Each structure stands twice: as structure tokens, then as C-alpha cells.
Amino acid sequence: MKDIKYNAKQAKDNNEIGSKIAAIRKKRHISQAELTRLLAECGVSVQPAAVAKWESGMTVPNAYQLIAVCVSLNVPDMIPEFTGIAKLPDFELNEHGLKKLDEYRELLIASGRYKPILTEAAPSSATITIPTSYIRAAAGTGNFMDDENFEDKEYPESAVPAGTDFALFVDGESMSPIYINGQVVFIQQCEAVRPGQVGIFSIDNEVVIKIYDEQEPDDSCKEEFTDSNGFVHPQVVLRSYNSEWEPRPISPYQEFHVYGKVLN
């Protein structure tokens, strides 16, 4: 029997599962959002953020989730893909026997009599049309929501959260690893969001996806946030998931607008 050289601890430390999921997904040209839709068809309900965490090594999928990932990404044999082990040793056949087994397999397939029975393809899932825009295509606070900035795109109905009014393609890495460049986010249109919620905002005609937060204004602008009764109102500050991006406090002199909250 050949030795099986696999070290689970080393594999976990090196994030081999997450890296392999990301590599196979990109090779298949499947986005994280699309993978979550495929996983939903396998009975696994997760958000794109969960896939991002798997791929970055922040978390790992459980056994059932990993099987669903393999089904969704068309990975027929998990062991070679995720361990690098070409083939586990057969404990009953020697090398000559394994060779004969492969030969018989090829003969059976070539005969045409022992091919697997093909089942009917599952009917395509229902789709829904959502107005969609790229964030970089924003034309300013006054007309971002005009029809000319959007085009109708079809999405699997199961992938679109209830309450969605429009969708955007994320531009940039400031919200990674939760929301990555090119990912579709679904938005419910509203005029206000709560601290901690992710929303779509305009700052002086620049449309961004950020985490909404509030803070006590510093002394340099506290007067502008103080009303006639002496009450100091909080200052809006927009934050990013990516720690390389600094928080963006909103000055009272900036034009600020809330377009909606992100649902996925």
C-alpha cells in the first residue's frame, strides 16, 4: 500500500480549500453571486459574503456545503482537486490490476452498452428583470436614478432578494472581501439607512457603496451640526470593509444623498 501524504493542519493553514474554490470558480467564469445561486439549487443558502470568506480562509465550508460547491462547480472528484493526491491507493489491486481495471473501463464505455443513463435536464429557473447600472456610470445626485443610467438585465428569480428595486455592479475593492469588484448588489430604494447598514450613496456626484455610520462631529465643524436649540446632530461617516480605505466623514458643505440599502 502506498503512503497517503496529506496533512490536514498544513492544508488549513495554507487555505488550500478556499484557494482551490476561488481558482475553480474563476476558471469556470462564475461570479461569487452566481455560485450562491447554484448552491441554493443544491439546498445551501449562503450569501456571496460567505463565499468570499471561504475563499479568503476566514471560514471554511462544512462537509455538506463543500459537496454542494463541488456539484455547483462540476468537480467530479474532490480528492485530487483539493489534496493534490492523484489517486488514492486501491487496497485490493496491485499496479497491474489497476491497469487492467482501467482497460476494462475503457472497453465498457466504448461498447456503448454501459454508459450512464442521462436524466432530463432540469428546467431553467424563472428569471426576473431588474434595472441595473455600474456605479462608475453615475451622473450625479440629480439624475443618477434616471432611466438612461440603467439597462434591464435578467437574473434568476431565486437570486434576487425580496424588495429589490434596482441593481448595481460594484466598482473597486474598498468593500472587499464582502463585496468585490464586478459583483452584483441588489438595492431597495430608500431615503435613509441605519448605522451599520450597507447602502448606496452619492457624495458630490460620486456614487459609492459603503457602510453607513454616524459620529460626533469634531470641533472644526461642530457649529454647522448644531441647531438653534443647541442640539448637536451626528455627522454621517461612510466606512469600508477593506481596512486600507479610511472612513469618509461627510462635511456639511458636501452634497450627500442616500439612494438605498444593499439587500445581499
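The values are calculated or read from the model by the stated rules, or taken from the named source; none is laboratory data. Just so it is clear, the model here is predicted, and its values are computed rather than measured. Cβ: placed from backbone, ideal geometry, glycine included. Neighbour counts: every protein chain shown.
For this structure, a couple of remarks:
Conditions tested, residue by residue: (1) of a type in the set (S, T, N, Q); (2) at pLDDT below 90; (3) outside the structural domain of PHE186 (by TED's automatic domain parsing); (4) closer than 21 Å to PHE169 by Cα.
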| position | (1), (2), (3), (4) |
| --- | --- |
| LYS2 | no, yes, yes, no |
| LYS9 | no, yes, yes, no |
| ASN14 | yes, yes, yes, no |
| ILE17 | no, no, yes, no |
| LYS26 | no, yes, yes, yes |
| ALA63 | no, yes, yes, no |
| PHE82 | no, yes, yes, no |
| GLU95 | no, yes, yes, no |
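- Any hit, the stretch 165-182, residues being in contact with a Leu (Cβ under 9 Å, 6 or more places away or on another chain) and among the hydrophobic types (A, V, I, L, M, F, W, C): no
- Residue, farthest from the chain's Cα centre (by Cα), within the stretch 192-212, restricted to residues that are of a type outside the set (Val, Ile, Thr) and surrounded by fewer than 19 Cβ atoms within 10 Å (Cβ to Cβ): ASP204
- Taking the criterion of being small (Gly, Ala, Ser) and at pLDDT below 90, the residues of the stretch 163-204 that qualify are GLY172, SER174, SER176, GLY182, SER202.
- Of everything in the stretch 32-64 that is of a type outside the set (A, V, I, L, M), buried (at least 18 other Cβ atoms within 10 Å of the Cβ) and within 28 Å of GLN10 (Cα to Cα), the residue that is farthest from the chain's Cα centre (by Cα) is PRO61.
- Scanning the stretch 225-258 for residues that are in contact with a Cys (Cβ under 8 Å, 6 or more places away or on another chain), assigned to a strand (DSSP E or B) and either more than 16 Å from GLY196 (Cα to Cα) or of a type outside the set (A, V, I, L, M) (or both) yields a single hit, GLN235.
- Within the stretch 2-24, one or more residues are part of a loop (DSSP other than H, G, I, E, B) and of a type in the set (Phe, Trp, Tyr).
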